[in-house]
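Note sheet for the following structure.
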Amino acid sequence: MQCLNYIDGRWVPARSGAVMESRNPADWRELVATAPQSDAADVDAAVAAARRAYRSWRLVPAPVRAESVRRIGELLLERKAELAQLMTREMGKPLEETRGDVQEGIDCAFYYAGEGRRLFGQTTPSELGNKFAMTVRVPIGVCGLITPWNFPIAIPCWKSLPALVCGNAIAFKPARDTPACATLLTQIFEAAGLPAGVVNLVHGTGEAVGRALAEHPGIDLISLTGSSQTGAEVGATCGRTHKRVCLEMGGKNAQIVMEDADLDLALEGALWGAFGTTGQRCTATSRLILHRDIKAEFVSKLIELTGNLRLGSGLDPQTDVGPLINQAQRDRVIRYLDIARDEGAKLAIGGEVAREDDLQYGCFFQPTILDGVTPDMRVAREEIFGPVVSAIAVDSFDRAIQVLNDTPYGLSSSVYTRDVNRAFQAMRDLEAGITYINGPTIGAEVHLPFGGVKQTGNGHREAGSAALDVFSDWKTVYVDFSGQLQRAQIDNR
Ligand code: UN1
């Protein structure tokens, strides 16, 4: 597939003519797509188109804008199988999961399509007579959306669809690893009948395109999902250039398993939370905080289940765990395994590059459990973003909560217990944007707020009605129908 940028309703190469490759991470021999390697000149063109389109798009009634969003949902549904197939080839996760990713986009479209007929504001009494007071949502302007490769349809949908319903225009920079998925999604935006310039797609690297968007004076808002390091840089640039910024960054999510838990259920949750998407979710379970009474049994059963996971191409229905996204990511995982050994963690299973048979052609790494991990070790504190989970023993529920909270991140958290008192204490005391009771750390639904506390986020939430607060500003309107000057705080005292 030959991908192009989409600027002002036309499919165009990068102005420089530069091209980059997208290869199948399960088999590097397969070239999935080529895409423009864009730079600041392409960003300029996209932003100029978006600014022009914004002038009329913001005036289209929200229920009409929402009809395009509903149409996007219908087209995603029609093309779900094709999109999932392409996504598996381009970023590796198994077909079941890529279908889930597309479904998340569909759910999102239908949710925000309904929002077009709500976008509720408030009316409230004025303190003065013959005066009316209300709030309305107004769009922000042109939004730069910078998205990751791990959910290459769902996350662009989380950002673009509420942005569109609210009346914004978009410059979309997808991850450099998933240009083909972004191209199909943009084709769907086009087919849904969005006016030219309302959505613009600019492929390229974060260093070139992401940076140019964050610096650009014609961009009003940046929404980024990425690493905490990238988030800190983008946040600083947006602070300096006075942009709104919504950041979804790293996680170091933990699952607590107490001695009273349903262990089989907790095991299933841990396996899915840690190794689903090859551990490459910002919500992935990377720490297991286990009560000492059940720890040995839990770890030994988890080793057995982990040993049964089948690695391979996500296109094979037998595959449980696909590859890592690229060589750099696998190098990072290998580095963390070295760190774990140096720090004295015990390798319970995995820990190696997987290279049997056809696995040698891809970026595979064995699902890995580290045992005997203590909360101060780097593997217990830093985001790895791979199929590596650390088991930490604790003696009490209070200690479990303390260990879970002892990280700079705060995205997702989970507790397995049958004790309702403990469940409610966890809901209150866990420092995370998301807490699951008797469920794994992954699996957020689109109509609820998604995001984290501490260094995971900057106070915003994606998804649900919370995303409307990112993509719109409040305007407060006073209508004085008294025919006189009425001075608030003065004339009525
Ligand atoms: C992410 O990893 O950035 O809750 C998003 C989940 C998915 C979304 C993950 N619905 O795991």
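What follows is calculated from the coordinates using simple rules that are stated; it is not laboratory data. The structure displayed is predicted, hence computed values, not measured ones. Reconstructed Cβ throughout: ideal geometry from the backbone, glycine too, with neighbour counts over all protein chains shown.
What is the dipole size for the range 253-437, taken about its Cα centre, with +1 at each Lys and Arg Cβ and -1 at each Asp and Glu Cβ, in debye to the nearest 20?
320
Considering the dipole of the range 365-493 built from charges on the beta carbon (Lys and Arg +1, Asp and Glu -1) around the Cα centre, which of Q486, V446, V388 is farthest to its positive end?
Q486
Along the range 18-31, what does the Karplus equation 6.51 cos²θ - 1.76 cosθ + 1.60 (θ = phi - 60°) give for ³J(HN,Hα), rounded to whole Hz, x for Gly and Pro?
Along the range 18-31, the couplings run 5, 9, 10, 10, 10, 10, 6, x, 7, 7, 4, 5, 8, 8 Hz.
Can you tally the net charge around G351? Count Lys and Arg as +1, Asp and Glu as -1, for every other residue whose Cβ sits under 12 Å from the Cβ of G351.
Local net charge: -1.
5 Å is the cut-off here: which amide hydrogens, built 1.01 Å from N in the peptide plane, fall below it relative to K131, excluding neighbours closer than 5 in sequence?
Amide H neighbours of K131: F481.
Among DSSP beta bridges whose residues both lie in the range 253-437, state the antiparallel percentage, nearest 5.
15
Using θ = phi - 60° and the Karplus curve 6.51 cos²θ - 1.76 cosθ + 1.60, what whole-Hz ³J(HN,Hα) does each residue of the range 403-418 get, with Gly and Pro shown as x?
Each residue's phi maps through the Karplus curve to give 5, 4, 7, 7, 7, x, 9, x, 8, 10, 8, 8, 9, 9, 7, 9 Hz.
Only Lys, Arg, Asp and Glu count, each charged at its Cβ (+1, +1, -1, -1), so figure out the dipole size of the chain about its Cα centre, rounded to 20 debye.
1840
Quick one: which of K131/K475; K243/K475; K80/K252; K80/K243; K454/K475; K173/K475 span more than 26 angstrom between C-alpha atoms?
Those over the limit are K80/K252; K80/K243; K454/K475; K173/K475.
Which cross-chain or sequence-distant (5 or more) residues have an amide H under 5 Å from the amide H of E248, H modelled 1.01 Å from N in plane?
Answer set, sorted by chain and number: L224, T225, G226.
For W272, W474, what's the fewest-to-most ordering of other Cβ within 10 Å of each Cβ?
Final ranking by Cβ density, sparse to dense: W474, W272.
To test your reading of the geometry: what angle, between 0 and 90 degrees and rounded to tens, separates the Cα axis of helix 80-91 from the longest principal axis of the chain?
In the chain, helix 80-91 runs at an angle near 60 degrees to the longest axis.
Within 10 Å of each residue's Cβ, count the other Cβ atoms and sort V165, V373, V420, V19 from fewest upward.
Arranged by neighbour count, lowest to highest, V165, V373, V420, V19 become V420, V19, V373, V165.
Based only on other Cβ atoms within 10 Å, what is the fewest-to-most ordering of K346, K243, K295, K93?
By the 10 Å Cβ count, ascending, the order reads K346, K295, K243, K93.
Looking at the chain, send over the antiparallel percent of its DSSP beta bridges, to the nearest 5.
40
How large is ³J(HN,Hα) for each residue in the range 277-285, as worked out from phi by the Karplus curve 6.51 cos²θ - 1.76 cosθ + 1.60 (θ = phi - 60°), to whole Hz, x for Gly and Pro?
6, 6, x, 9, 10, 5, 9, 4, 7
What's the center-to-center distance, using Cα atoms, between the range 464-486 and the range 362-435 in Å?
For the range 464-486 versus the range 362-435, the Cα centre distance is 42 Å.
Under the rule of at least 5 residues apart or a separate chain, name every residue whose amide H is placed under 5 Å from the amide H of V394.
Long-range HN contacts for V394: L290, H291, R292.
From the C-alpha gyration tensor of the chain, pull out the three semi-axes of the equivalent ellipsoid (sqrt of 5λ each), sorted largest to smallest, in whole Å.
They are 40, 30, 19 Å, listed largest first.
At what distance in angstrom do the alpha carbon centres of the range 106-170 and the range 192-263 lie from each other?
17
Calculate how steeply helix 263-275 sits against the longest principal axis of the alpha-carbon atoms of the chain, using the helix alpha-carbon long axis, and give the answer as 0 to 90 degrees to the nearest 10.
70
Report the local net charge at R422: Lys and Arg +1, Asp and Glu -1, summed over other residues whose C-beta lies under 13 Å from its C-beta.
So the environment of R422 carries a net charge of -2.
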